[in-house]
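For reference, the structure discussed in these notes is given below.
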Amino acid sequence: MSKDYTHHFALIAEETENDYWRLIEQGAKEAAAENDIYLEYIAPQKADNEQLLRLFDRMIAAKVDGIIVQGIEGQRFVDLVHKAIERNIPIITIDTDVKSSERKAYVGTDNFYAGKLAGKTMIENTKGEQFVGIITGRFEAINQQERIAGFKAVIESDPRIQIVAKKESNITEIGATQATYALLKENPKINALVGMSALDGIGMVEGLQEIALNKDVYITAFDVLPETLDLIRSNKIDATIAQYPKVMGFESVEVMIDLQKQDLLENQIFTDTGIIKRQDLPKIHGVMR
Ligand code: BGC
C-alpha cells in the first residue's frame, strides 16, 4: 500500500462476480478515490457464509482501518464484530444489517420496507386470486428474510393473495430459472411470482419460458440491473423494487471516514427504495447513482 493513502478499508461482499455487488464496489471505489482511501474489495467466489466469515476474520487480523461487510446470520458474525470493535476497527454493515451486533452503522435498504413495497405493488396491480411463488436469494440471508416478512405483512390484509411456496436461487440467474421451473411444476396454480434478490427476476422469466406456460403470471422482481429493466420494457416483468447499490457503496465509505474520528449519532442509514414499473422507466435514468 502506497504511503499516499490516508486509510485502508476493506469491503466484503456476498460474492465476487455479482453485478449488484460490483455496483456497490463501484460506488465505494469512487468515494475512496475522492478521499485517498485504499479500498480492498473481497468476497467468496460463490455466496458462502463460512468463507465470508473467514475473510472477515482475516481482515481483522490484517488490522485494516475499517471493514464494510454484508451482515450474516448467527453468533459468529456478532462475535467477529465484537472482536473488531475491541481492536478499534469500526464495522459498517452494508446491504444487510445485523442489529444485534456492535456494528457502528448500517448503510443500505430498509429491507422490511422494501418487502412491503413488493406486496403493495401486487395488491395494487392484480385482480382476482393470486397464488404466489417466492424465489429468494438464500433462506439464511437476513435481508431476504426481512423482505419476505415485509411482503407477508402487507398481503395478509388482502384475502385474494396467498403464498403457495418458496424456493432459493442461490443468488444466481440459473438458480432462479431452475427454482421457477420446479415451483411451477410442483404448484401449477401459481399465477404470481416474486423474486427477492437481484438476479431472480431475470432467471424467473427464463424459467417461465422453459415451462412454456400460456397463462399470465404477474412478476415482481428486485433491483434495477439493466437486464431487469429491459424485461420491464418488454412487459415480461411487471414491477421491480429499486435499490441503490452504488449509493450504498459510496455512502458507506464516507461514513467509514467519519467513524475514523468519532462514533455516529445516527447509525441506521437507509438508502432509497422504490417501485419501478414500465411507466416509471423514463424517470429512473441515472438510477444507478
Ligand atoms: C440483495 C443482495 C444480494 C443480491 C444478489 C440483492 O437484491 O440485496 O443481498 O447479494 O441481490 O444478486
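Since every read-out is calculated from the coordinates, none of them should be taken as a lab result. What you see is a predicted model, and the numbers here were worked out from it, not measured in a lab. Here the Cβ positions follow ideal geometry from the backbone for every residue, glycine too, while neighbour counts run over all protein chains shown.
Let me make sure I get this right: for the stretch 1-124, a, b and c are the square roots of the gyration tensor eigenvalues over alpha carbons, sorted descending. Under 1.5 in a/c it's rounded, otherwise prolate if a/b > b/c, else oblate. Which is it? Prolate shape, in that a/c is at least 1.5 and a/b is the bigger ratio. For the stretch 149-272, the residue among Ile163, Val247, Ile269 whose Cα projects farthest onto the positive side of the dipole built from Cβ charges is Ile163. Which trypsin sites (Lys or Arg not before Pro) in the stretch 112-199 pass both tests, a DSSP loop state and at most 16 other beta-carbon atoms within 10 Å? Sites meeting the loop and neighbour criteria: Lys127, Arg160, Lys189.
Of the beta bridges in the chain, as assigned by DSSP with both residues counted there, near 10 percent are antiparallel. Relative contact order, whole percent, for the stretch 1-42 stands at 60, derived from Cα pairs under 8 Å and 6 or more residues apart.
Pairs exceeding 25 Å between alpha-carbon atoms, taken from Lys29/Lys277; Lys116/Lys236; Lys83/Lys116; Lys120/Lys215; Lys29/Lys152: Lys29/Lys277; Lys83/Lys116; Lys29/Lys152. Helix content alone sets the calculated 222 nm mean residue ellipticity of the chain: runs of n ≥ 4 DSSP H residues at -39500 (n - 2.57) each, divided across all residues, give -13000 deg cm²/dmol. Sequentially through the stretch 30-44, phi angles give Karplus couplings (6.51, -1.76, 1.60; θ = phi - 60°) of 4, 5, 5, 4, 5, 10, 6, 9, 8, 10, 9, 9, 9, 5, x Hz, Gly and Pro residues having no value and appearing as x.
If you sort the three axes of the alpha carbon gyration tensor as a ≥ b ≥ c, you get a/c of 1.5 or more for the chain and a/b above b/c, which makes it prolate.
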